[in-house]
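Participant: Let me give you the structure first, and then I'll get to my questions.
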Amino acid sequence: MKFGSLLLAVLMAVSVLADYDCSVRLWRGESFSAILPDEASHVFGSAPGLSVVRGTLMPVRYLDNHRGLEYKTVADRALAGSSSAGVHFATVTASPDVKPGEYRFGQLRVTVVDRVLPPAKDWKYYLDLWQHPWAVSRVNGVKPFSPEHYKAMEPLWRLLATAGQKTLTVTLIDQPWNRQCHDAYESMIVRRKTEDGRWVFDYARFDEYVEFGLACGLGPHISCYTMCPWEYRVDYLDATGRPVYVQAKPGTHAFDDYWHDFLVDFECHLREKGWLGDTYIAMDERTPEDLAYIVKFVRKVSPGLKIAMAGNRRPSEFQGIAIDSYCQALRHVDESFLSEVIGRRRAGQVTTFYVAGGPKHPNTLMSSGAGEAFVLGFYPAACGLDGFLRWAYNSWGEDPMNDMTYNRWPSGDVALVYPDGSPSWRFLELKNGIQQAEKFRILFDSGVRTKELEALAGKFVLKDLLAGADYVGLRRCVLDVLNR
C-alpha cells in the first residue's frame, strides 16, 4: 500500500473523531488527552502549572480475527512529541495548584475548572488490567527478571499507575491459563518437593517483582493466579530439580497435598513482608462447586488471604462463599446483580465488571469505535460499581509495534500499550473515562448537583450500550456535566 493510501485509510478509520473540537476542559490535578482536529495544526506555548504534549497517533495494522484475509489500519499508537503526518492528539496536564481559568496554546483552548482531582494512587476507582512480564522480556530480548527486564517494564508499569491501577498480577504456578497468550506465564514462586515428601518454597522472584510493582505505583493489592488453572494442571520440581506436572482437582488428595503446606507457608511469608492484608487468591470463570471447595480450603488453612473472582453469576449464587473482590462480565450486569453491590460495599468488598473479546460493543478492540473506551472507563460511576477489569494490558503478539493481530483473540484484545512505552489511544480514552468516573464520585459524595448527576447516570443504559449507543454523544455529555 502506498503511503498516501495508507494515510487516507488511517484518517477514514478515525473520521468519526472529527466531532471533537479544539478545546479541553479539565480539573486541577487532571491529565486529559484529546484528538486535535486537522485545522488545529498549531499548538504551542506554555503556562505555569500547565503542560501540553502534542503527538501523533501512529498507524497500526490488524486483522478483525485470525481468519481475516485483509489487513485494516487504524491510528492507535500514541507517540508523544511526534509531528508526523496523520492524526494528532494533545495531552494536557494541570498541576493541583494551577490557577483556574482559560489558557491558549496556539489553536488549542484549555479551561481549568476550580476543582481538584486527587493523585491516581488515591482514587477509589478500582482498576485491574492484567500485566504480563514475560511478554516484555521476549519482545526486548532480555532474560526474565534481569535488571534489563525490569528497566524495560518500568515505563509501562508506571504508565499503568497513572490510570490508578490497584492490582499486581502475579503467578503461583506455571501456565495458569495454559497457552492462551503468545508468551506463557511462568510461576513466580519455585516449589520443590524433597525426597522425604516435604515442600520447600522460594519466594525470591515473587518478592522482587512485587516490590518493583509497588515502587512503580501499582497496587497495593496482589492478585495471585491461581488455585484453579485450566485442567487443574500444576507443577513443581522434584528432589533432582526435574519439573513434575500433576492434576490437582478440588476435592482430591492431590489438591490438598499441593496447596496445604504452601498456603500455610505463604501466609507466614506475606505477614512478614507486610502484604498479607492486600493479597488475593484470584480465580476466573469457575463453577460454584469448585469455588466453594477452594474458598473453604483457603479460609481454613490461611484465613488471612482474600478471595478474588471473575465470573458471570451474581455473587449470591455462590452460596455461603464470601468473595472479597468480584468481577462480573458486562453482559450480566443486570438489576439483580447491581442490587447486591451496596451490601457488598458495606461489607468492605469490591465489585467490578469486565470485558474481553466480547461484547463487540462497547470494547477496547482495534475495531472499537470512538468513545467506546471512554464509556467503559466511566460506566462504573453510572451504575454504582467500583471499577473495571480487563485481562490483558500487554500480552502482545508476534510484532506488536506494527501489528495488533493475535491469532486466537480479536485484535486489540491482548494489549492496550506498545513495547516502546507508548499508550494506545484506547488506553488514553479509557483513562479519560476513569478520571471522569472519579470526578463523578467526588461530586456525588459532596452532594453537588445530585439530580443532574443522577440524570447523567441514567443515560448509561446497558442494553443500549451493548446495541451500539451514541458513545461520542455520551462522552460529550459526561465532559459537559463534570467540567462546569
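The values are calculated or read from the model by the stated rules, or taken from the named source; none is laboratory data. All values reported here derive from a predicted model rather than from experimental measurement. Note: ideal-geometry Cβ built from the backbone for every residue, glycine included; neighbour counts use all protein chains shown. These accessible areas exclude ligands, DNA and RNA; they are computed on the full protein's heavy atoms, side chains included. Shrake-Rupley method; radii C 1.70, N 1.55, O 1.52, S 1.80 Å.
Participant: How much length is gained on full extension from ASP64 to ASP265, taking 0.36 nm per residue of separation minus their Cα-Cα distance?
Facilitator: 67.8 nm
Participant: Restricting things to alpha carbons, tell me how big segment 49-118 is in terms of Rg and Dmax, in Å.
Facilitator: According to the Cα coordinates of segment 49-118, Rg and Dmax are 17.4, 53 Å.
Participant: How much area per residue is accessible in segment 183-249 when the probe is 1.4 Å and only protein heavy atoms are counted (Å²)?
Facilitator: 45
Participant: LYS99: which aspartates and glutamates have alpha carbons under 17 Å from its alpha carbon, excluding same-chain residues fewer than 8 sequence positions away?
Facilitator: Result set, ordered by chain and number: GLU30, ASP114.
Participant: Once you have all Cα-Cα distances for segment 79-198, histogram them in 5 Å bins from zero and send the whole-percent values.
Facilitator: For segment 79-198, the pair-distance distribution reads 2, 8, 11, 13, 14, 14, 12, 9, 7, 5, 2, 1, 1, 1, 0.
Participant: Be a star and scan segment 252-272 for residues whose amide nitrogen sits under 19 Å from the point 7 Å along the Cα-to-Cβ vector of ASP202.
Facilitator: Counting backbone N atoms under 19 Å from the label point, the list is 262-263, 265-266, 269-270.
Participant: Which of the chymotrypsin sites (Phe, Trp or Tyr not before Pro) across segment 16-115 are loop residues per DSSP, with 15 or fewer other Cβ within 10 Å?
Facilitator: Answer by residue number: PHE44, TYR71.
Participant: Still on this structure, I have one more. Working out 0.36 nm times the residue gap between ASP238 and ALA254, then minus their Cα-Cα distance, what length gain in nm do you get to one decimal?
Facilitator: Once the chain is fully extended between ASP238 and ALA254, it gains 4.2 nm.
Participant: Moving on to the next point. Express as a percent, rounded to the nearest 5, the fraction of DSSP beta bridges in the chain (both residues included) that run antiparallel.
Facilitator: Counting only bridges with both partners in the chain, antiparallel ones make up about 50 percent.
Participant: Could you run the Debye sum over the Cα atoms of segment 273-315, one equal point scatterer each and no solvent, and tell me log10 of I(q)/I(0) at q = 0.13, 0.18, 0.30 Å⁻¹, two decimals?
Facilitator: So the normalised log intensities are -0.29, -0.54, -1.12.
Participant: Identify all aspartates and glutamates with a Cα-Cα distance to LYS166 below 13 Å; exclude those on the same chain that are fewer than 8 residues away in sequence.
Facilitator: ASP122, ASP128, ASP278, ASP386
Participant: Same structure again: Just from its helices, what would the mean residue ellipticity at 222 nm be for the chain, if runs of 4 or more DSSP H residues each count -39500 (n - 2.57) and the sum is divided by every residue, rounded to the nearest 500 deg cm²/dmol?
Facilitator: Computed mean residue ellipticity for the chain: -9500 deg cm²/dmol.
Participant: Counting C-alpha atoms alone, how compact is segment 331-484: give Rg to one decimal and Dmax as a whole number, in angstrom.
Facilitator: Answer for segment 331-484, Rg first and Dmax second: 16.1, 50 Å.
Participant: Give me the number: length gained by fully extending CYS383 to ASP114, i.e. 0.36 nm times residue separation minus the C-alpha to C-alpha distance, one decimal in nm.
Facilitator: 94.2 nm
Participant: Could I ask something else about it? Assign unit charges at the C-beta atoms only (+1 for Lys and Arg, -1 for Asp and Glu), then state the dipole size of segment 220-266 relative to its Cα centre in Debye, rounded to the nearest 20.
Facilitator: Dipole about the Cα centre, nearest 20: 160 debye.
Participant: Hey, how many Å between the Cα centroid of segment 314-350 and the Cα centroid of segment 370-413?
Facilitator: About 22 Å separates the Cα centre of segment 314-350 from the one of segment 370-413.
Participant: How much area per residue is accessible in segment 59-159 when the probe is 1.4 Å and only protein heavy atoms are counted (Å²)?
Facilitator: 48
Participant: Still on this structure, please answer the following. Just in segment 307-360: which trypsin sites (Lys or Arg not before Pro) are loop by DSSP and have at most 15 other Cβ atoms within 10 Å?
Facilitator: The qualifying sites are LYS360.
Participant: Order 283-296, 120-133 from most to least packed using the mean count of other Cβ atoms within 10 Å.
Facilitator: For the peptides 283-296, 120-133, the packing ranking is 120-133, 283-296.
Participant: Please state, rounded to one decimal and in Å, the Kirkwood hydrodynamic radius that segment 88-145 gives when every pair of distinct Cα atoms enters the mean of 1/r.
Facilitator: Roughly 15.7 Å, rounded to one decimal.
Participant: Using the basic label-point model (7 angstrom from Cα toward the beta carbon), what is the LEU214 to ASP97 distance in nanometres?
Facilitator: Computed distance between label sites LEU214 and ASP97 equals 3.0 nm.
Participant: Largest first and to the nearest Å, give the Cα extent of segment 233-306 along each principal axis.
Facilitator: 34, 32, 20
Participant: Give the distance, in whole Å, between the Cα centre of segment 22-52 and the Cα centre of segment 271-288.
Facilitator: Using only Cα atoms to place each centre, the spacing works out to 41 Å.
Participant: So if I average 1/r over every pair of distinct C-alpha atoms in segment 126-197 and take the inverse, what Kirkwood radius in Å does that give?
Facilitator: Evaluated over segment 126-197, this radius sits at 13.8 Å.
Participant: Continuing with the same structure: Counting only protein heavy atoms, what percent of the accessible surface of the chain is carbon or sulfur at a 1.4 Å probe?
Facilitator: 52
Participant: So with the 1.4 Å probe, I'd like the accessible area per residue for segment 271-366, rounded to whole Å².
Facilitator: Computed with neighbouring chains in place, this is 45 Å² per residue.
Participant: Given H placed 1.01 Å from N in the peptide plane, which residues other than close sequence neighbours of TYR126 have an amide H under 5 Å from its amide H?
Facilitator: GLY387, PHE388
Participant: At 37 °C and 0.692 mPa s, what whole-number value in µm²/s does Stokes-Einstein give for the translational diffusion of segment 228-367, with Rh from the Kirkwood sum over Cα pairs?
Facilitator: Estimated via Stokes-Einstein, D reaches 194 µm²/s.
Participant: I need the P(r) histogram for the chain: all alpha carbon pairs, bin width 20 Å from 0 out to the longest distance, whole percents.
Facilitator: Cα pair-distance distribution for the chain, in percent: 23, 56, 20, 1.
Participant: Of LYS249/LYS306; LYS124/LYS360; LYS121/LYS459; LYS121/LYS306; LYS306/LYS360; LYS72/LYS121, which sit over 26 Å apart, Cα to Cα?
Facilitator: In this structure, LYS124/LYS360; LYS121/LYS459; LYS306/LYS360; LYS72/LYS121 exceed 26 Å between Cα atoms.
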